[in-house]
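Report on the following structure.
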Amino acid sequence: VLIAGTLFGGVLTILAGFFLAGRALVPIRISWEKQQQFVADASHELRTPLAVIQSQTELLFRHPDRTIQEESEKISNVYKETRRMKKLVGDLLTLARSDSNQMEIERKPLQLDRLLADVSWQFAQMAELKEIKLTTELQPGLHLEADEARLRQLLVILLDNALKYTSEAGQVHVACHRASHGAELVVQDTGEGIDAEDLPFVFDRFFRGDKSRTSSDGGTGLGLSIAKWIVEAHHGKIRVESVLGRGTTFTVFLPAKK
Ligand code: ADP
């Protein structure tokens, strides 16, 4: 009960932080209607994990005599929902800051192939666990001026999705090569693919495919909208091609300099 109580307190702190920070961020570029929609969608998304945390905590309080082992399922549910909320709040803050132009892009020289190799390596274990073949084809010496932390975030979003939406024994391929005045990077998977009807909406905030919405992978539907923002903040372009049941390819063009 103590653990659950502490976690619940933590969640309230996260929420308070979000709303306080949100107040200080006055969106400049987006319309009032869009801002209202964003707040409505965010509140809706936060309600589900909060409701689970509240009900599970209430149940825990009913039996203070029970041990942690006996209540491990409820405690685990509280933990999972807290993690989901933490990710959601982090993603919401990124988008709120980008709307209000408070998200600085710090362009510095970096080597894209090295960054891609590093991020792919981070995902190697996850791929192995799912028995997915993760391959790379990286043209060496791809120098760019870009924000390393943001590009890392972009790659994590694309690779995380590729592995999430590809079932066991599938393949994920990561590549980068020189392109005219910049570099192109590709993240390709042999996963479930995206319905042609859904394809135009995948970069929209809170959009989740039917299957993804019902699954318990902890997705927020904000990853690709953040990915798009990062690419556009670098004056680049991102596009997606997909065949249902066959797989998906995300292609990103990044200019070498601003
Ligand atoms: P999330 O993954 O949290 O649901 P995203 O914004 O990252 O949110 O993705 C939006 C939706 O696009 C996902 O719910 C899923 O339906 C679809 N999607 C994204 N990447 C892939 C992929 N590699 N393969 C299949 N579907 C994908």
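The values are calculated or read from the model by the stated rules, or taken from the named source; none is laboratory data. None of these values were measured; they are calculated from a predicted model. Quick reminder, even Gly has a Cβ in these numbers, built from the backbone with ideal geometry, and neighbours come from all protein chains shown. For the accessible areas, the whole protein counts, side chains as well, though only heavy atoms, and no ligand, DNA or RNA atoms are used. Shrake-Rupley method; radii C 1.70, N 1.55, O 1.52, S 1.80 Å.
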Problem - Reachable aspartates and glutamates, given that their alpha-carbon falls under 18 Å from the alpha-carbon of Lys257 and they are not under 8 places away in the same chain - result: Glu104, Glu106, Asp113, Glu145, Asp147, Glu148, Glu184, Glu232
Problem - Nitroxide proxy distance, nm - points 7 Å out along Cα→Cβ at Glu241 and Ile68 - result: 5.2
Handout entry: For the stretch 27-92 versus the stretch 152-181, the gap between their alpha-carbon centres in whole angstrom
Key = 29
Exercise for the section: With only Lys, Arg, Asp and Glu charged, each at its Cβ (+1 for the first two, -1 for the last two), find how big the charge dipole of the stretch 34-130 is about the Cα centre; round to the nearest 20 debye. Expected result: 140
Practice task
Please give, to one decimal in nm, the separation of the simple spin-label points placed at His177 and Gln54, each 7 Å out from Cα toward the Cβ.
Solution key: 5.5
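Please work out how much length the chain gains when fully extended from Asn101 to Trp121, using 0.36 nm per residue of separation minus the C-alpha to C-alpha distance, in nm with one decimal.
Here the answer is 4.0 nm.
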Fill in the blank from the handout: Note, the stretch 70-86: 3J(HN,Hα) by Karplus (6.51, -1.76, 1.60, θ = phi - 60°), whole Hz, Gly/Pro = x, goes 5, 9, 4, 5, 5, 5, 5, 5, 4, 4, 4, 5, 5, 4, 4, 5, 4
Completion exercise
Taking 0.36 nm per residue of separation between Asp195 and Ala169 and subtracting their Cα-Cα distance, the length gained on full extension comes to 7.2 nm
Practice task
Just tell me which lysines come within less than 20 Å, Cα to Cα, of Lys34; anything on the same chain fewer than 8 places away is out.
Solution key: Lys228
Practice task
Give a residue-ordered list of calculated ³J(HN,Hα) values for the stretch 90-101 (Karplus: 6.51 cos²θ - 1.76 cosθ + 1.60, θ = phi - 60°; whole Hz; x for Gly, Pro).
Solution key: x, 5, 5, 5, 4, 5, 4, 5, 5, 4, 9, 6
Problem - Of Thr94, Pro200, Leu60, farthest towards positive along the dipole that unit charges on Lys, Arg, Asp, Glu beta carbons give the chain - result: Thr94
Exercise for the section: Whenever you get a sec, compute what percent of the accessible area on the chain sits on carbon and sulfur atoms (1.4 Å probe). Expected result: 54
Fill in the blank from the handout: Sorted on mean Cβ neighbours within 10 Å (highest first), peptides 134-144, 156-166 come out as 156-166, 134-144
Practice task
Give the Cα extents of the chain along the principal axes, in whole Å, largest first.
Solution key: 66, 46, 36
